[in-house]
Structures are given as structure tokens and as C-alpha cells.
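The values are calculated or read from the model by the stated rules, or taken from the named source; none is laboratory data. Note that the structure is a prediction, hence the values are computed from the model and not measured. As a convention, Cβ positions derive from the backbone with ideal geometry for all residues, glycine included, and neighbour counts pool all protein chains shown. Ligands, DNA and RNA are excluded from the accessible area calculation, which covers all protein heavy atoms including side chains. Shrake-Rupley method; radii C 1.70, N 1.55, O 1.52, S 1.80 Å.
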Amino acid sequence: MTAPTSRPATRFVWLLLLVLLAALANIVAWWWPNQPIQVGWGQVGHAPYVAQEHVVESMSFAPFRRGQSPLTHTYPTAEQVIEDLQSLKGLTRGIRTYTSREGLEVVPPEAQKLGLNVMQGVWLGPERDINDKEVAAAIELANKYPDAIKSLVVGNEVLLRKDLTVDEVIAYIRQVKAAVKQPVTYADVWEFWLRFPQLLNEVDFVTVHFLPYWEDLPIAAGHSMPHILEVYNTVKAKLPGKPITIGEVGWPSEGRSRRDAVPSRTEAAGFIADFMQLAQKEGLSYNLVEAFDQPWKV
């Protein structure tokens, strides 16, 4: 007499094994592309950066959320601006703004409460009536909140965009300098500082942008630090006598590749890790671009 087979039990065991294999495959599928990645580019000599050990000196603050844009005149609410500011406490010692209006009038008083230093932006463009409003608003904020606003940036990449002539930019710088007590500067990519050295006599310090991804000859993130330091020293040698602040430095986390310059979160994290090490080693004053993603710039 033969023993009865237990087919239902066998089927159950096989079904259980299939479920376990499917679960394991699902775990591997999620885990593999999301493994932690060590940032910092060893090939250029910088040690990996431990972010929690340091606070960023300054970050660009343009709190436009998805669906908001200065191009469509859709601005963040005061509540949203304050919420975003509060989220930066403990991450950075300061922020850089780019306009004195468009809802950012609430930034200096709120930053003062949070203990954040403000590099107050004065947006300049080809429309003189808007420039006049910007200058007036910036002067008012600087005089009302001197404990928060530590410096003013009169114009951002105006010469790069060819919105104004260098003499027109200088006139605005002089107007602001005559009305505030804080140091005043102008911000542009390094090539335009070298092209218009007469700006040096008008500012209290030089604010230069280093964005290797966007340069005419794009540089890979992993090879950017020697380039940044070389250009920084060139600017310092050609524009002597004034302190230099790196007003924008960073790397895109998404977008199209430009030759060897590849945007990705890993590349961006590695770039920032390396730059923070470089800034600490060389004693560089800097502002990372930027605190929040800016979808409207696409």
C-alpha cells in the first residue's frame, strides 16, 4: 500500500518560495539604485566631506515653488517665504537674495529673528523704472534692518546679459553706496570682472561667480576644484586690494550634459563636498547656489 501524496502542501511550499523570491527581487530592485554613495572626488586630492560637521556660509535664496515664477509675476506668499527661511536655520549662516521686492521684503526682519545674515540683492535690468524701485526698496530695507543686512549686491550678471553698460552699473552702485552704511558690491562671472576692471574702484568687495558647468568650455565636476582655485587666484592677482567673495558656486542636479559636465544628484553632491573642503582649506568666502530648486529657470 503506497502513502498518499500531499499535493496541496507541495503547491503551498512552491507558492511560498515564489512569494519570497518576488519579495527579495523587489527589495534588490529598490536597494541597488539607491545605495549610499561616497561623495568627494578622491582623484583631485580632497577628502570626503562630512556635511553634518559644518554649516554652510551662505546660500542663494530665491523661494519660488513649482508653478511660481518672476517671469509670470507669480510670487511666493509671505507665509511661504518665512517657512522656507525657517527651514534653513542650522544649515547656513546666511543667505543671498536677488531682489528687494516681489514678496521678499519680509526676508530681512525674519532673517534677523533667525540669526541669518543677509546679502541683500538689488536686481538691475534694462527697465529703468523697475531699477529705480529696486534701488529705493533696497536702501529702505538696508537702513531699517542693519543688523540683518550685512552687505548689498547692486546688480547680478547685468554685464553678462548686456542689460546695462558698465557706466550705468557704476552709477547705480554709487547711488546705493551714498545711501547705506553696509558694504556694497556687484556680482558677475569672473570673465566679466576681468573685462571691466574699473568696477574694482566702485565696490567694497568683489563678488565673483564660479559655475564650471556653464562655462564656454565646460569642466567635469570631478576636475572643477583646481580650475576654480586657479581662476580665483587670477582674479585676486588682477583685481588687488579688495576682498573677494564667491557669490555663486554650485552644480546642477538635473539637465543636459555639456561635454564632460554631467548634471546629476551624485555629481552635485560630490562637487559641493569638494568645494566645501576647498573653501575650508583656502579660507574662501562663498555662497552656494542655491538653497531651493528653481523649476522656473528651465
Problem set entry | Diffusion constant of segment 150-213 at 4 °C, which comes from Stokes-Einstein with the Kirkwood Cα-pair radius and 1.567 mPa s, µm²/s | 110
Exercise. Taking Cα centroids, how far is segment 179-201 from segment 214-272 in Å?
Worked result: 19
Exercise. Any number yet on Rg/Rh for segment 149-298, C-alpha, Kirkwood?
Worked result: 0.97
Problem set entry | Net lengthening on full extension, Lys297/Ser87 (0.36 nm per residue, minus Cα-Cα) | 73.4 nm
Exercise. Computed FRET efficiency, Cβ-Cβ of Asn233 and Asp260, R0 22 Å: what is it to the nearest 0.05?
Worked result: 0.45
For this session: Report the charge-dipole magnitude of segment 114-227 in Debye, nearest 20, computed about the Cα centre from +1 at each Lys and Arg Cβ and -1 at each Asp and Glu Cβ.
Result: 320
For this session: Treating only the Cβ atoms of Lys and Arg (+1) and Asp and Glu (-1) as charged, compute the dipole magnitude of segment 152-298 about its Cα centre; round to the nearest 20 debye.
Result: 240
Problem set entry | Accessible surface of segment 219-298 [probe 1.4 Å, protein heavy atoms]: carbon and sulfur percent | 50
Problem set entry | Debye-sum result for segment 212-273 in log10 I(q)/I(0), which assumes one identical scatterer on each alpha carbon, at q = 0.29 Å⁻¹ | -1.25
Exercise. Residue farthest toward the positive end of the dipole of segment 76-153, with Cβ of Lys/Arg at +1 and Asp/Glu at -1: which of Met119, Ser100, Val135?
Worked result: Met119
Seminar exercise, completed: Total charge of the residues flanking Leu194 in space, meaning their Cβ is under 11 Å from its Cβ, with Lys and Arg +1 and Asp and Glu -1, is 0
Seminar exercise, completed: Cross-link reach from Lys150 to lysines, straight Cα distance under 22 Å and at least 8 residues apart if same chain, gives Lys89, Lys113, Lys133, Lys177, Lys181, Lys242
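From largest accessible area down, sort Asp260, Asp132; use a 1.4 Å probe on the protein chains.
On the way: Asp260 110, Asp132 85 Å².
So the residues, ranked largest to smallest area, are Asp260, Asp132.
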